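**Student:** Please find one structure pasted underneath; my questions will follow.
The values are calculated or read from the model by the stated rules, or taken from the named source; none is laboratory data. What you are looking at is a predicted structure, and each value in this text was computed from that prediction instead of being measured. Cβ: placed from backbone, ideal geometry, glycine included. Neighbour counts: every protein chain shown. Accessible surface areas use protein heavy atoms only, side chains included; no ligands, DNA or RNA. Shrake-Rupley method; radii C 1.70, N 1.55, O 1.52, S 1.80 Å.
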Amino acid sequence: MKHIVEIDKKVVARAKQLLAMDSADAAADLFRQAYGVKLDTVGPTVYLRGLVEFSNICSRNCLYCGIRKSNRNTPRFRLSKEEILDAARWTYQNQYGSLVLQSGERNDDEFIDFVEDTLREIKKIGGGALGVTISLGEQTRETYQRWFDAGAHRYLLRIETTNPTLYAILHPDGDNLEKRARCLTALRDVGYQVGTGVMIGLPEQTIDDLARDIAFFKAMDIDMIGMGPFIPHHDTPLADLAESFDPEKQFNLALRMIAATRIILEDVNIAAATALQALKEDGRERALKAGANIIMPNVTATKYRRAYQLYDNKPCLDENSNQCKTCLANRILSQGESIGLGQWGDAPHFAARVNPEKRKLS
Ligand code: SAH
């Protein structure tokens, strides 16, 4: 990792201090502090991204993931271009402002062409009105460039963990952390707003690891964070961990990680991941109060949702987009937050990164 980016020891120490605030009182204090930083830097507006999980076909075998290649118990699906466009049109009509396309990882030409073509069609909706994020794993720089040219302008690629030993265990087939980090650099060079994140509470992961993850985000000058709790999936090699799994503890750790990240990174976008809601009914709202400012409501057709289960207990499997919309709006408004309808909701961090003068003036 050293040759990719040097992390700042002072940031690690500060992150560790924040993450250690685990008693009920200290955590409440941490969340209040993070919420204050959120109001000062990105404001109280929650931005939405309609999430289309368009295929669970995957060429990788990540140990934790329910759609890993070797899981023969999940039926494989892919949406047609028209089905993706239907979801995109719904997202536009319902003023979500932005769309996220996510799928299992594929690197073949057919897939790359399909995504490129679909992006071009999406950009025609409302004359290019929708912001478009993609989350399609590790690709070559050339592929990232083609998708950028076709209209995607944000990319989410979680680093998953910055502990190289843990990374190597969780990702067989010779995948490695440096390769993934290099993808983040390539995305940034191409011009994307770059998002990353980790799973929180992985087996053998320590508070030290999480503190170093935050320092990594900072050193990479990341614009967006998407991270959530690790939750065992029954059809993966990590299924046995379900026995000792403590949802309460895992949830609290995830919330502290979000809060510490907000306090240290300040003006980035931070998503309240759906996985938080798998652990606690009001998990995503609680994350908004601990520093998150983005929610990604599922807009995938209901019939496909069950087959896109990365972890157990995924919420909203039987709901449709309209139900998710109403439910979520109520949840957000109940927190006293407002929704940035019809807006892209880019992270102020990105604007400041590409135009440092702006930061000085504000
Ligand atoms: N293939 C794409 C995106 C799909 S996976 C990619 O690799 O970027 C999206 C994210 O789901 C992963 O980055 C991982 O962090 C998360 N995920 C997978 N399995 C999980 C589990 N069991 N618990 C929690 N999060 C999980």
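**Student:** Of the conditions (1) out of contact with any Gly (no Cβ under 7 Å at 6 or more places or on another chain); (2) in a loop (DSSP other than H, G, I, E, B); (3) away from the ligand (no atom under 16 Å from the Cβ), LEU328 satisfies every one except a single condition; which number is it?
**Tutor:** (2)
**Student:** Another question, then. Could you say which residue among ALA301, ALA254, ALA290, ALA219 is more than 16 Å from the ligand (Cβ to nearest atom) and under 22 Å from ASP25 (Cβ atoms)? Spell out how you get there, then give the answer.
**Tutor:** Numbers: ALA301 fails: under 22 Å from ASP25 (Cβ atoms); ALA254 fails: more than 16 Å from the ligand (Cβ to nearest atom); ALA219 fails: under 22 Å from ASP25 (Cβ atoms).
Residue meeting the stated conditions: ALA290.
**Student:** Out of the residues in the stretch 337-354 meeting the condition of being part of a loop (DSSP other than H, G, I, E, B) and of a type in the set (D, E, K, R), tell me which one is surrounded by the fewest Cβ atoms within 10 Å (Cβ to Cβ). Full working, then the answer.
**Tutor:** Applying the first criterion (part of a loop (DSSP other than H, G, I, E, B)) to the stretch 337-354 yields 337, 340-347.
Subsequent filtering for residues that are of a type in the set (D, E, K, R) retains 337, 346.
Details: GLU337: 19, ASP346: 17.
Taking the candidates together, the pick is ASP346.
**Student:** If you check every pair at least six apart or on different chains, which have Cβ atoms under 7 Å apart with a residue in the stretch 65-80 that is farther than 14 Å from ARG306 by Cα first and a residue that is more than 11 Å from the ligand (Cβ to nearest atom) and in a loop (DSSP other than H, G, I, E, B) second?
**Tutor:** So the pair list comes out as ARG68/ASN61; LYS69/ASN61; SER70/ASN61.
**Student:** When you scan the stretch 96-114, how many residues do you find that are farther than 17 Å from ARG49 by Cβ, within 12 Å of the ligand (Cβ to nearest atom) and open to solvent by less than 60 Å² (accessible area, probe 1.4 Å)? Give the derivation first.
**Tutor:** Going residue by residue through the stretch 96-114, those that are farther than 17 Å from ARG49 by Cβ are 104-114.
If we keep only those that are within 12 Å of the ligand (Cβ to nearest atom) too, we end up with 104-107, 111.
Okay, now just the ones that are also open to solvent by less than 60 Å² (accessible area, probe 1.4 Å), so 104-106, 111.
Residues flagged as farther than 17 Å from ARG49 by Cβ, within 12 Å of the ligand (Cβ to nearest atom) and open to solvent by less than 60 Å² (accessible area, probe 1.4 Å) within the stretch 96-114 amount to 4.
**Student:** Of these, ILE200, ILE214, which one is open to solvent by less than 60 Å² (accessible area, probe 1.4 Å), more than 14 Å from the ligand (Cβ to nearest atom) and under 24 Å from VAL42 (Cβ atoms)? Please lay out each step first, then the result.
**Tutor:** Values: ILE200 fails: more than 14 Å from the ligand (Cβ to nearest atom).
Result: ILE214 is the single residue among ILE200, ILE214 that is open to solvent by less than 60 Å² (accessible area, probe 1.4 Å), more than 14 Å from the ligand (Cβ to nearest atom) and under 24 Å from VAL42 (Cβ atoms).
**Student:** Here's another thing I want to ask about it. Could you list all residues from the stretch 243-269 that are assigned to a loop (DSSP other than H, G, I, E, B) and open to solvent by less than 10 Å² (accessible area, probe 1.4 Å)?
**Tutor:** Filtering the stretch 243-269 for residues assigned to a loop (DSSP other than H, G, I, E, B) gives 245-246, 266-268.
If the condition is that a residue be assigned to a loop (DSSP other than H, G, I, E, B) and open to solvent by less than 10 Å² (accessible area, probe 1.4 Å), then VAL268 is the only one that fits.
**Student:** Among the candidates ALA168, ALA181, ALA150, single out the residue that is closer than 21 Å to ILE67 by Cα and more than 13 Å from the ligand (Cβ to nearest atom).
**Tutor:** Numbers: ALA181 fails: closer than 21 Å to ILE67 by Cα; ALA150 fails: closer than 21 Å to ILE67 by Cα.
Answer to the check: ALA168.
**Student:** All but one of (1) away from the ligand (no atom under 15 Å from the Cβ); (2) touching a Cys at 6+ places or on another chain (Cβ under 7 Å); (3) among the polar types (S, T, N, Q) hold for THR236; state the number of the condition that does not hold.
**Tutor:** (1)
**Student:** Determine if the stretch 20-41 includes at least one residue that is away from the ligand (no atom under 16 Å from the Cβ) and in contact with a Ser or Thr (Cβ under 8 Å, 6 or more places away or on another chain).
**Tutor:** Step one: filter the stretch 20-41 for residues away from the ligand (no atom under 16 Å from the Cβ), giving 20-41.
Retained after the next criterion (residues that are in contact with a Ser or Thr (Cβ under 8 Å, 6 or more places away or on another chain)): none.
Scanning the stretch 20-41 turns up no residue that is away from the ligand (no atom under 16 Å from the Cβ) and in contact with a Ser or Thr (Cβ under 8 Å, 6 or more places away or on another chain).
**Student:** Assess whether PHE230 counts as being more than 11 Å from the ligand (Cβ to nearest atom), of a type in the set (Phe, Trp, Tyr) and at pLDDT 95 or above.
**Tutor:** Values: more than 11 Å from the ligand (Cβ to nearest atom): no; of a type in the set (Phe, Trp, Tyr): yes; at pLDDT 95 or above: yes.
No; evaluated as a whole, the condition is false for this residue.
**Student:** Another question, then. If you go through the stretch 128-144, how many residues are away from the ligand (no atom under 11 Å from the Cβ) and either in a loop (DSSP other than H, G, I, E, B) or surrounded by fewer than 17 Cβ atoms within 10 Å (Cβ to Cβ) (or both)? Reasoning before the result, please.
**Tutor:** Our first condition is that a residue be away from the ligand (no atom under 11 Å from the Cβ); within the stretch 128-144, this holds for 128-133, 140-144.
From what's left, either in a loop (DSSP other than H, G, I, E, B) or surrounded by fewer than 17 Cβ atoms within 10 Å (Cβ to Cβ) (or both): 128-130, 140-142.
Result for the stretch 128-144: 6.
**Student:** If only one of ARG72, ARG32 is modelled with pLDDT of 95 or more and either assigned to a helix (DSSP H, G or I) or open to solvent by less than 20 Å² (accessible area, probe 1.4 Å) (or both), which one is it?
**Tutor:** Values: ARG72 fails: either assigned to a helix (DSSP H, G or I) or open to solvent by less than 20 Å² (accessible area, probe 1.4 Å) (or both).
Testing whether each residue is modelled with pLDDT of 95 or more and either assigned to a helix (DSSP H, G or I) or open to solvent by less than 20 Å² (accessible area, probe 1.4 Å) (or both) leaves just ARG32.
**Student:** A follow-up question, please. Filter the stretch 298-325 down to the residues that are in a loop (DSSP other than H, G, I, E, B), touching a strand residue (DSSP E or B) at 6+ places or on another chain (Cβ under 7 Å) and modelled with pLDDT under 95 and list them by number.
**Tutor:** Matches in the stretch 298-325: CYS316 only.
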